[in-house]
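A short write-up of the structure that comes next.
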Amino acid sequence: MNRVTCLFALVVLVAAPMRVSAQSQAGVGDVLSGLRSGGGWVGIPIVDGEGSFSTVTVPTMALSLAGCVNVWYGHSGSWDIEAREQMLGSVLRIQAEPGIGVPFQHDFGLQAQVDIDFRWSEARDTTLLLWVGIDLAGEGGESVCEPDYGGG
């Protein structure tokens, strides 16, 4: 479970913005800044209750990472997330509830490639707002699960 959850976090913060062709180098810099500052928010388009994305192979350079994934508290229902890490052949299936963090810790290999599917318990359109907290020092803890809502 921890291995793919961490891959999910790294992919959402690093690879997902890179897969958008219009994304500029400044955007990648913003993502890396988010990693250094402890995490960031991502928006994932959901159509008829489902969304997904796949990444290219990204270098992970044997990175050790701890963190947390947290669905925005304002969402309703539940969220099934399935992450398939192609390089390691592992699969993670979790159910996330709004406002409840799912912590992780993982030691990466040299590369990662992930396919992620999101399924909402409601068959509607929305943008899934997801906090991905990162602790590059590897300490983890509950604070990394607390989303930064910015100024209050």
Local electrostatic count at residue 94 - Lys and Arg +1, Asp and Glu -1, tallied over other residues with Cβ under 12 Å: -2
Extension reserve of the residue 115-residue 61 stretch, reckoned as 0.36 nm per residue once the Cα distance is removed: 17.5 nm
Two-site FRET efficiency, residue 91 against residue 143, from Cβ-Cβ distance with R₀ of 22 Å, rounded to 0.05: 0.15
Residues 119, 124 arranged by fewest to most Cβ contacts within 10 Å: 124, 119
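Quick one: order 94, 100 by neighbouring beta-carbon count within 10 Å, fewest to most. Present the calculation step by step, with values, prior to reporting the outcome.
Working: 94 16, 100 13.
Lowest to highest Cβ neighbour count: 100, 94.
Every number in this text was worked out from the coordinates using simple rules, so none of it is lab data. None of the values given here were measured: they were computed from a predicted structure. Note that we place each Cβ from the backbone using ideal geometry, even for glycine, and neighbour counts take in every protein chain shown.
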